[in-house]
Amino acid sequence: MSFPWAKEYTPTTDFGQWMDKQLPLPRFVYNSVGAGYPAPRNLNYMWNFGSMAGLFLVIQIVTGIILAMHYAANAEIAFDSVEHIMRDVNSGWMIRYAHANGASFFFIAIYLHIGRGLFYGSYKAPREMLWLLGVVIYLLAMATAFMGYVLPWGQMSFWGAKVITGLFEAIPLVGKPIQELLLGGFAPDNAALNRFFSLHYLLPFVIVGVVIMHIWALHIPGSNNPTGVDVKGPQDTVPFHPYYTAKDGWTIGLALIFFTALMFFLPNALGHADNYIPANPLSTPAHIVPEWYFWPWYAVLRAFTFDFLFIPAKLLGVLAMFSAILVWFFLPWLDKSPVRSGNFRPKFKIFFGILVIDVLILGYCGGAPAEEPFVMISQVAAAYYFAHFLIILPLLSRMEKPEPLPNSITESVTGKPLNTAS
Amino acid sequence: MATVEIADTAVAEEGGVRRRDFINIAAVSFAGAGAVATVFPLVNQMNPSADVLALSSIEVDISAIETGQSIKTSWRKQPIFIRNLTEAEISQANAVDVDGLRDPQTLAERTTAGKENWLITLGVCTHLGCVPLGAAQGEIKGEFGGYFCPCHGSHYDTAARIRKGPAPTNLVVPEHEFLSDTVVKIG
């Protein structure tokens, strides 16, 4: 794995050599995120969000394990136990706010990371598996975040659980039994809360496992880069440490400033006031919205207000919502253009920009009430979203004439042909 | 082997110390201080929370405890023995040669002045934490007429001092205060 010119790990101490013989864990770390991993020298700031997502995953796991020490997954006392964390536990308020806002920052990082992959063609050969594993991480993260939001057992928790499990009811014939199986009842109650807590604790570790495979799959071809041109020799790379550890460390520092600012000064800005009302199965909040990171997909779900052929609108919405993400699994084979980087694809660049705006519009509509004009806008935006992946990308890869690629990464950086660059 | 050019200014030395060394040390110390500041609340959350501390003192009405009787109550989720000693028990406790005890203490040191008949102790054996017998009616009081721990056979006398068996110290006397003749505040 990695390039032949990668620096060899050479332990200098006796203990280091003893360790290297018996369990070469330091060697593994050195080759993964140390000086033993040569990374393209031209990575821009868009390459910083993978490690940032990793950091926020760790923050979520650490704060989450702590919260689980004080939280009680029982419908009778769950809400009170969260208030107990907020009021009685030493620094409990801080740890809970870190966990609640950490989820948002995890998704900010992961969305920028996905956007980077979409623009620079990081999903193309030889990195399809890397991309597929990334989509799996994203799906797991969404499931984890959803179940975590149920745990405080406030009004949004309860009705969120009801609405999301209600999606499964749309499945023909077996929908209702599946929903009852998931909930362990007919509406969210103690059984559902307990299993959501169990899974909310489990899934992050599953995510860690997939992240390890994701990094493993990354290190076989090595990182993509802004030109999309393959690494051709040692002159095209720099060691991951100290170059990218320092660069990642700098943006992580910046992200932590924004994170702590939000957590200490606007801790509920991204939450919903209704979730400070204990769950009440007899009263639905006037305006149910999921957390902001689900808004685009929620808009796709609500865009289907009409039956199509024999498919009822409800099922159609559910299918569309899941398809909106599942289509990513086929992306490497939908976009056939051999050019990876959007920088050298003049038309793709425009359509990519439109897609970003389209998803932002979907996100806005997903957070807005389900009324006109948002429903109509969602319908148009959802249609465009699918058109982008299923029609525009396949056609574009046939019709577009890409700009000439640089001969190498070094040439694109120095402006000099390869043989004269030092 | 060609590598990226390293800027010459970065390695310019000033008395053997590079400017980058300073940046490195400054950055790592700053991050280290931040890490310590972060870890403190993450560990401190395991300390007793405000609601637990709020229950850390209780008031007990002792008016119904006759001479020679004792009661068990609960304080900080641990048993408390409150014993109204008889004259005989008091003189028995005072007759002991304090210097010969494993944990030398007089009865007066373990009770409140003027209320030497009220012996208030934790009902937690100082050996490994079992609840000794002797507080409830009919329970074995041990060889010294005080308390007896059935787990590993520690005998306490009428001042709840360890006399025989593995326990290292006397039964703990919690901080307490008589609010009136009939009400005692523990904790």
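Take the residues in segment A:253-274 that are loosely packed, with under 13 Cβ neighbours inside 10 Å and within 30 Å of A:Ser32 (Cβ to Cβ), then tell me which one is farthest from the other protein chains (Cβ to nearest Cβ).
A:Phe258
Could you check segment A:267-302 and list, in sequence order, the residues that are more than 30 Å from A:Tyr385 (Cβ to Cβ) and either out of contact with any strand residue (DSSP E or B) (no Cβ under 9 Å at 6 or more places or on another chain) or assigned to a loop (DSSP other than H, G, I, E, B) (or both)?
Hits for segment A:267-302 are A:Pro267, A:Asn268, A:Ala273, A:Ile277, A:Ala279, A:Asn280, A:Pro281, A:Leu282, A:Ser283.
Pull up segment A:222-252, narrow it to residues that are touching a Gly at 6+ places or on another chain (Cβ under 9 Å) and within 14 Å of another protein chain (Cβ to nearest Cβ), then point me to the one that is farthest from A:Met86 (Cα to Cα).
A:Val231
Among (1) more than 11 Å from every other protein chain (Cβ to nearest Cβ); (2) in contact with a strand residue (DSSP E or B) (Cβ under 9 Å, 6 or more places away or on another chain); (3) within 25 Å of A:Met263 (Cα to Cα); (4) surrounded by fewer than 18 Cβ atoms within 10 Å (Cβ to Cβ), there is one condition A:Asp80 misses while meeting the rest; what is its number?
(1)
Going through segment A:40-57 one residue at a time, which ones are closer than 21 Å to A:Thr260 by Cβ and of a type outside the set (Ser, Thr, Tyr)?
Within segment A:40-57, A:Asn48, A:Phe49, A:Met52, A:Ala53, A:Gly54, A:Leu55, A:Phe56, A:Leu57 qualify.
Please specify each residue of segment A:220-236 satisfying the condition of being surrounded by fewer than 21 Cβ atoms within 10 Å (Cβ to Cβ) and outside any loop (DSSP other than H, G, I, E, B). Before the answer, list the steps.
Narrowing segment A:220-236 to residues surrounded by fewer than 21 Cβ atoms within 10 Å (Cβ to Cβ): A:220-221, A:223, A:230, A:232-234.
Within segment A:220-236, A:Pro234 is the sole residue that qualifies.
Testing A:Thr63 on (1) buried (at least 23 other Cβ atoms within 10 Å of the Cβ); (2) within 14 Å of another protein chain (Cβ to nearest Cβ); (3) among the polar types (S, T, N, Q), one condition comes back false. Which one is that?
So A:Thr63 meets the others, but not (1).
Within segment A:375-396, take every residue that is without any contact (Cβ under 8 Å) to a residue 12 or more places away in the chain and of a type outside the set (Gly, Ala, Ser) and give me the one that is farthest from A:Leu118 (Cα to Cα).
By that ranking, first place goes to A:Met376.
Here are some conditions: (1) surrounded by fewer than 18 Cβ atoms within 10 Å (Cβ to Cβ); (2) away from chain B (no Cβ under 12 Å); (3) aliphatic (A, V, I, L, M). A:Val33 meets all but one. Which one does it not meet?
(1)
Examine segment A:89-111 for a residue that is touching a residue at least 40 places away in the same chain (Cβ under 8 Å), within 14 Å of chain B (Cβ to nearest Cβ) and aliphatic (A, V, I, L, M), and state whether such a residue exists.
yes
Read the figures in this text as sums done on the coordinates, not as results from a lab. On a predicted model such as this, the values are computed, not experimentally measured, just so you know. Reconstructed Cβ throughout: ideal geometry from the backbone, glycine too, with neighbour counts over all protein chains shown.
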